[in-house]
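Notes to accompany the following structure.
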Amino acid sequence: MKANLTILKAIIPLLGLIIAAACSIFIWKAGMNFPLIIGVILAAVVANSCGWRWNDIQQMMVNGVARALPAVFILLVIGTIIGSWIASGVIPTMIYYGISIIDPTWFVPVVALVTGIVSITLGTSFTSIATVGLAFMAIGGGLGFSPALVAGAVISGAYLGDKLSPLSDTTNVAAALVDTDLFSHIKHMLWDTIPAFLLSLLLFWIFGSFEVASTSMSSGTIDTIMSGLDDAFVIHPLLLLLPIFTILLMIKRTPALPALMGVGLLGAVLAVVVQGTSVSSIVQFMTSGFRIETGIGELDSLLNHGGLASMLGTVGMLMIATALGGILEETGIFDVLTGKMMKKVKTTGALIGSTLLSTFVVGLASGAQFLAIILPARTFVQKYKEMNIDTKNLSRTVESMGTVGINLVPWSVPAVFATSILGVSAWEFIPYAFFIYLVPLVNLLFGFTGWTISRKDYSQEKEQAHVEREVV
């Protein structure tokens, strides 16, 4: 860290990001890529003004992107899985049986639960929102439920899976950045995820009950979607064995990338054998996404998704965000912003609270999940070790705000994506997406009470680091 890096200089990239993000979302309608590039430029200018050479800054960006490459490969493979699973009838079967059990009394909590199951299976909130989430919005509209309430249930279920699934890119990134085993990280997250989701289901049932009396029990929308699925695909419960097999792979701790590639290829085989899809068509579906014209607009928009190409935009944004993260981390910009706060942290509660606040600030500034996870995770990891607090507490905390709580930022990438798919503004669904603010609140409660906070003695690691420094 250069001596002339002041807090005023350090705040310039984040302030620039906030202004550019606000303009891009509300005025330019251009998404988050351009604001992130502005952030990279401002961070590079600040670094250069503090004495870093361009070659050094460029290497910082390369280092930042390199840390995200495993997630990049996972994202690309996930795109192919979506294409093959839709073509094989797996996702249509999940949708078909999911909506067939709906009762208006339990509709809203069922939306959250089914979307959560799909999201855990697929490991991606975006896909579950764009598939079963979209279907539930249509069904909810037909039954007379408030779009904001249904959207809140969809988003709550979607981010249950995004947070908890071993196939989730954010889950893998959070664990890897703090040197925590993936499945230890997931197991530790059950403590905050399960209570928050159960409480969310209760709230959805209560709010849904208020609306049941005024809903119209017209099954036209449900019948249209189900008949359309039945005409376009072979719907059979045995197709659900593939998601079950995926879950078994998770339990067996199969490495994420081989597991994903395997279930993607199995989906392709099922598409050929069960649905009679040609090999050339399945290759096209896995590359460019599934395409079908059923004559039912809602169903077509529901099914026409996936493909490797559909992930390229997300991959591009991820690489820009991690390049920015590389500069902010290696120049010490983020350290300067959090330095004074870190010095005052003496208790576990203050540490968890500071982690949550820092993660939210990065999410507010960038709107990007990965950056909101990466920067606080790398910044706070040493502090957790100094206080002998297991780093899986850190990965759990940054996930609670970086993966889930970031939806509280209306211009964040996840919130904007949900708005574009579900047709409900972030300002409308945020009050009803109970899970996205209950998870951070549960973590804050754990921090100040000490419940579920795991301890670990890092003294040997400290001694080893000291010996290595002496040798150097």
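Computed from the coordinates by the stated procedures, all read-outs in this text should not be read as laboratory data. Not measured: the values here are computed from a predicted model. Note that we place each Cβ from the backbone using ideal geometry, even for glycine, and neighbour counts take in every protein chain shown.
Details
- Farthest towards the positive end of the charge dipole of the chain, among the residues Gly39, Leu242, Ile282, is the Cα of Gly39, using unit charges on the Cβ of Lys, Arg, Asp and Glu.
- Rounded to the nearest 10 degrees, the inclination of helix 7-23 to the longest alpha-carbon principal axis of the chain is 20 degrees.
- Simple rule: put +1 on each Lys or Arg Cβ and -1 on each Asp or Glu Cβ in the chain, find the dipole, and look at Leu438, Gly51, Ala130; the Cα lying farthest toward the positive end is Gly51.
- For segment 354-429, a crude dipole built from +1 on the beta carbon of Lys and Arg and -1 on the beta carbon of Asp and Glu, taken about the Cα centre, is about 240 debye to the nearest 20.
- Positive-end residue, the chain charge dipole about Cα centroid, Cβ charges, pick of Pro258, Phe417, Asn172: Asn172
- Test item: Cα-centred dipole of the chain, Lys/Arg +1 and Asp/Glu -1 on Cβ, debye: 1340
- Helix 333-344 and the longest principal axis of the C-alpha atoms of the chain enclose an angle of approximately 80°.
- Put the Cα centre of segment 342-407 next to the Cα centre of segment 121-171 and the gap is 25 Å.
- Modelled FRET efficiency - R0 45 Å, Leu445 with Gln58, Cβ distances, 0.05 increments: 0.55
- Helical mean residue ellipticity (222 nm; -39500 (n - 2.57) per DSSP H run of 4+; nearest 500) of the chain: -24000 deg cm²/dmol
- Acute angle (nearest 10 degrees) that the helix 434-449 long axis makes with the longest principal axis of the chain, alpha-carbon atoms: 40
- Gyration tensor (alpha-carbon) shape descriptor, segment 306-358, a/c threshold 1.5: oblate
- On the basis of the beta-carbon distance and an R0 of 30 Å, Leu198 and Met341 show a calculated FRET efficiency of 0.40.
- Exposure proxy for Glu399, Glu330: other Cβ atoms within 10 Å of each Cβ, ordered fewest to most, give Glu330, Glu399.
- Segments 55-61, 451-457 sorted - mean Cβ within 10 Å per residue, highest first: 55-61, 451-457
- Once C-alpha pairs closer than 8 Å and six or more residues apart are averaged by separation and normalised to the residue number of segment 1-146, the relative contact order reads 14 percent.
- Whole-Å distance, taken between Cα centres, linking segment 224-279 and segment 1-51: 43
- Once the mean of 1/r is taken over each pair of separate Cα atoms and inverted, the chain shows a Kirkwood hydrodynamic radius of 22.9 Å.
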